[in-house]
Amino acid sequence: MKPLNSAARTALFTALAAVSLTASLPAQTASAGDLDALREQIRQLDQKLRVLERNSELKEEAAVAASKKQPKLTVGDNRIEVVSADGANSLRLRALVQADARFYLDSATTGPGQNPANAQDGFLLRRARLIFEGKFNDNLQYTVVPEFGGTLQILDANVNAVVTPGFQIRVGRFKTPIGLEQLQSDPVAFFNERSIATNLTPNRDVGIQVWGELLDKRLSYAVGVFNGVLENGNSPTTSANTEGDFTTVGRLFATPFVNDKDSALKGLGFGIASGIGNSNGVATNTYKSDGQQDFFAYTSTTSAGRSLTVSPQAYYYTGPLGILAEYVSVTNELTRGTNTRQVTNTAYNLSAGYVLTGEDASYTGVSPRSSFKPSADTWGAFEVVGRVAQLDVDNDVFKGGTPLALSATNASKVTAYGAGLNWYLSKAVRANFDVTQNKFDFQGARPTSGILSDDELVFSTRFQVSF
């Protein structure tokens, strides 16, 4: 029974007093009429008490009903979110800040035709983003991501309609569904920078995509039509498809044991992605090393026809161990003056990580069991990572009277090795320490000056806040 309010308590006490008084009267002084009157008073008081109790219950029920109509505010270590009372509408605010430092231990920094600023020791704000996500009517989702680090730009801006989990439609600007590591969220990658293999995968583009998860999440697919960008490229956000052709992209990725809790293969995933299109007149992009130095750039070269990208890919996560592997092959028809060639560049990436403190590894990152708090003798989670990757440029780009790229200032192949330590101070805070070496091979003689006159050895650190 709920506690009585003051009026109910007064009525109850009066009734009890009347009963007590009646019981104390001598039998000869209490007439039948007096007893009947007292009984009537008690009945009336009991009725009033019931009415007061019911009124109190109605007020409480009204208060509970009113609270259910109010939006709910959640502030946690992974988001700030406002959700409507019925849960159908929401606005979630997240953020990403990455403060980096790079120190080049064994590389040249000057030379003709090179950009010495790329190999300068120093500090930089790698990323600074606000991430707005939400939904309307449960099935209409939206994402808007402005980037404040470096050039102010809109990275993602799209709407996703969920017809069913297996059939969803996304429209706007978002990541092209090809590269496995490229599709991985920036804050959870093994290393500070993605591998050199992502130089061959397109990044963000504008288009429409049908996608979903089938067979109880054992198979995911994505099929999209995009304006089209060349490898390592982002589409412009303010202009239409300038070359008049589109790129079609498809991806299948299987996780056949994802629902088998006791299976050693629960964390196995594998698939293939491909994109094909015509990108006439689109300018080619520069390839960057792990230290973000330019090691290859075409010379006044544009696309002249069909482009084909193929990428078999896989990952495996079991307990604290995580492994990610992918291969990328890109064939483009390129032109410079009268020299038009079909060239095929290839790359691979094999990365692995092991969480020393025993937490589970996953494609979506590591969640530490405890946060960094020395007073409580807790230090977060620690992960060691390693990587080997290679990118091989088609030697035909250096041939012809007007070659597509100059062998004197470009590497024809790069092999990269990396090792690092990731420290998860909490779910939102992470510090990375990486050492990477990029070994450059050349079609001709190694340049005697400039950035490529020596192999790259770089130590980089990052302090990251992501929620």
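Check the straight Cα-Cα distances from Lys48 and name the lysines below 21 Å, setting aside those fewer than 8 residues away within the same chain. Excluding near neighbours in sequence, the set is Lys2, Lys59.
Since only Ser31, Thr201, Ser220 are under comparison, the one whose Cα sits farthest along the positive direction of the charge dipole of the chain, derived from C-beta charges on Lys, Arg, Asp and Glu, is Ser31. Taking square-rooted eigenvalues a ≥ b ≥ c of the alpha carbon gyration tensor, is region 290-368 rounded, prolate or oblate, where a/c under 1.5 means rounded and, failing that, a/b exceeding b/c means prolate? Prolate is the answer for region 290-368, as a/c is 1.5 or above and a/b outweighs b/c. Each of Asn234, Ala297, Asn78 was scored by the projection of its Cα onto the charge dipole of the chain, and the greatest displacement toward the positive side belongs to Asn78; charges sit on the C-beta of Lys, Arg, Asp and Glu. Taking 0.36 nm per residue of separation and subtracting the current Cα-Cα distance, fully stretching the chain between Ser274 and Asn259 would add 2.7 nm.
Provide the three semi-axes, in whole Å and in decreasing order, of the ellipsoid equivalent to region 376-440 as defined by the square roots of 5 times the Cα gyration tensor eigenvalues. Please report the intermediate quantities before stating the final value.
Numbers: eigenvalues 353, 21, 13 Å².
Over the Cα atoms of region 376-440, the semi-axes work out to 42, 10, 8 Å.
Could you pull out the pairs from Lys217/Lys427; Lys217/Lys261; Lys72/Lys217 whose alpha carbons sit more than 18 Å apart here? Violating the 18 Å limit, Cα to Cα: Lys217/Lys427; Lys72/Lys217. The per residue volume of the convex hull around the alpha-carbon atoms of the chain is 210 Å³.
Which Cα, out of Gln182, Ile276, Phe257, lies furthest along the positive dipole direction of region 171-294 (beta carbon charges, K/R +1, D/E -1)? Final value for the positive-end residue is Phe257. Nearest 10 degrees, 0 to 90: what angle lies between the long axis of helix 6-24 and the longest principal axis of the chain (Cα atoms)? The two axes meet at around 30 degrees.
FRET efficiency for the Glu61 to Leu321 pair, using the beta carbon distance and R₀ = 35 Å, is estimated at 0.05.
If a spin label sat at a point 7 angstrom from the Cα of Asn139 along the line to its beta carbon, the backbone N atoms of region 163-195 nearer than 17 Å would be those of 163-171.
Ignoring everything except DSSP H segments at least 4 long, calculate the 222 nm mean residue ellipticity for the chain; use -39,500 (n - 2.57) per segment, divide by total residues, nearest 500.
Numbers: 3 runs with 60 residues, N = 467.
One gets -4500 deg cm²/dmol as the mean residue ellipticity at 222 nm.
Per residue, the average separation of C-alpha pairs within less than 8 Å and at least 6 apart gives the chain a relative contact order of 13 percent. With respect to the chain, whose longest principal axis is taken over its alpha-carbon atoms, helix 32-68 is tilted by about 10°.
Test of understanding: what is the full-extension gain from Glu147 to Phe123, defined as 0.36 nm times their sequence separation minus their Cα-Cα distance? Write down the numbers at each step before the final one.
Numbers: separation 24, 0.36 × 24 = 8.64 nm, distance 1.82 nm.
This chain segment gains 6.8 nm when fully extended.
Averaging the sequence gap over all C-alpha pairs within less than 8 Å and six or more residues apart, then dividing by the number of residues, gives region 273-317 a relative contact order of 50 percent. Taking the Cα centre of the chain as origin and assigning +1 to Lys and Arg Cβ atoms and -1 to Asp and Glu Cβ atoms, the resulting dipole is close to 900 debye. Length gained on full extension, Val162 to Thr344, computed as 0.36 nm times the residue gap minus the Cα-Cα distance: 61.8 nm.
Straight-line cross-link reach from Lys373 at under 19 Å between alpha-carbon atoms covers these aspartates and glutamates, not counting any fewer than eight positions away in the same chain: Asp77, Glu359, Glu383. Summing charges over neighbours of Glu383, with a neighbour being any other residue whose Cβ is under 15 Å away from its Cβ, gives +2 when K and R count +1 and D and E count -1.
Values in this text are rule-based calculations from the coordinates and carry no lab data. For clarity, every value in this text was computed on a predicted model and none was experimentally measured. Don't worry about glycine lacking a Cβ; one is built from the backbone with ideal geometry, like all the others, and counts go over all protein chains shown.
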